[in-house]
């Protein structure tokens with residue numbers, strides 16, 4: 001036979017080519033599975049062959065047409081099966097080259113072993129870098145405060161700058177010379193590259209979550225994971241139980257998904273199990289959304305006993321939970337995640353590196369029951385297609401090498417210093433400010449109205465969030481204020497803001513009198 005001027009020999013038996021390695025699959029592989037689509041059966045066979053070693057990393061799979069001839073199915077079935085296998089992270093495909101078995105242990109950076117902590121050189125950082133005394137913008141070569149903004153913003157939970165900038169300086173050159181750099185700029189499976197999913201499993205394991213990488217979906221931060229998980233559980237019109245005071249960003253997520261809230265009472269340990277039990281017994285609740293560790297805004301952390309009690313209520317009613325554990329890595333002694341006490345089919349665990357390492361990387365992880373992974377990945381596809389493999393690779397390098405631990409410790413050191421600063425500069429109010437917290441939740445003196453205080457704080461150049469933004473339903477606004485003390489990049493700026501607030505709290509002569517607002 002002549003093709004493009006070259007003589008090509010091929011032995012044909014019953015119309016099918018025989019010059020290909022097909023030992024890993026039997027001709028009757030797609031029979032006996034009437035309850036599942038053939039392409040799913042074929043994708044499962046690929047997974048089985050990879051697990052038992054019939055297909056090894058780097059093996060080239062048959063062409064779509066050749067495999068369809070062997071199995072007696074359509075080319076479309078093979079195409080869909082290969083796409084499903086690629087979505088699971090089992091194979092990689094390149095136009096013009098074919099489909100190859102992926103190496104689950106291979107690093108995108110080209111090394112099969114995690115990078116050692118040494119090259120980052122964190123031990124050589126000046127002490128002021130590690131504890132975040134940012135008096136000079138030249139310390140890390142960045143503009144620490146925006147000179148054009150006269151306001152000091154204390155309204156968002158930022159991790160303080162620590163060792164992550166120096167770590168990134170070391171990481172980027174290695175990625176730039178990686179032979180796999182181009183792959184990091186290509187589309188990946190919606191659930192993320194298999195290696196990055198494995199890193200997500202490691203990150204979740206720190207919080208007591210035992211999950212196979214196949215159950216991990218790489219997300220664009222915590223919010224994206226919450227959105228994807230809720231969309232996998234609920235339908236428009238459903239009701240979700242939430243803490244009566246909670247994370248404000250859950251409101252637009254619920255609005256986008258068409259969900260309603262059923263607020264549940266909280267106490268000094270978080271969700272009240274009896275109140276949750278009544279809500280689940282008297283209303284049709286599709287899921288619970290909760291933040292058990294350093295709850296936002298109250299800074300409450302559920303004890304292990306309370307987590308077990310809440311888990312027992314959820315088990316009794318068969319209601320799943322979407323756990324927001326974005327603050328989970330910050331305390332050094334937090335109990336295991338709530339989902340660690342639940343049956344796997346009820347737990348949807350979401351976390352990220354935003355509060356612990358670096359929010360700008362936008363890397364998070366969602367863990368759901370095995371059967372829900374496709375639905376969570378489907379939500380990723382609909383919302384943003386996939387997480388960035390480049391930033392996910394940076395996170396993987398840091399987590400696997402131990403650099404993440406050095407960054408986290410540098411943040412804890414700075415957070416502790418700022419915590420002392422808050423307590424020293426605002427001694428006249430009662431604080432809910434445990435170790436690991438990024439904000440304080442403090443009680444105003446009774447002669448101040450909450451709205452008046454937030455307005456006057458802005459008049460003296462301080463931005464605070466309105467307290468009613470944390471309320472999930474109507475009712476009386478608590479006489480509390482949330483102040484995020486790690487958002488300013490320098491302690492001097494934070495100290496100036498705290499001094500202004502101290503004067504404001506104690507001196508009624510500034511600004512508009514609170515009793516006329």
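Projected over all directions and averaged, the alpha-carbon convex hull of the stretch 370-489 occupies 11.9 nm².
Taking the Cα centroid of the stretch 398-436 and of the stretch 290-343, what is the distance between the two, rounded to the nearest whole Å? Between the Cα centres of the stretch 398-436 and the stretch 290-343 lies a distance of 21 Å. Working from the Cα coordinates of the stretch 163-322, the gyration tensor eigenvalues give, after taking √(5λ), semi-axes of 35, 18, 15 Å in decreasing order. Neighbour counts of other Cβ atoms within 10 Å put 274, 405, 333 in the fewest-to-most order 333, 274, 405.
In angstrom, the C-alpha Rg and Dmax of the stretch 230-344 are 13.1, 39. Averaging Cα coordinates gives a centre for the stretch 263-286 and one for the stretch 222-238; these two points are 20 Å apart. Over the stretch 220-298, the alpha carbon radius of gyration divided by the compact-protein estimate 2.2 N^0.38 Å works out to 1.05.
Based on the Stokes-Einstein relation at 20 °C and a viscosity of 1.002 mPa s, and on the Kirkwood radius from alpha carbon pairs, the stretch 427-508 is assigned a translational diffusion coefficient of 159 µm²/s.
Cβ crowding within 10 Å ranks 302, 480 as 480, 302, fewest other Cβ atoms first.
We did not get these values from a lab; they are worked out from the coordinates using the rules stated. None of the values given here were measured: they were computed from a predicted structure. Neighbour counts are summed over all protein chains in view; Cβ atoms, including those assigned to glycine, are modelled from backbone coordinates with ideal geometry.
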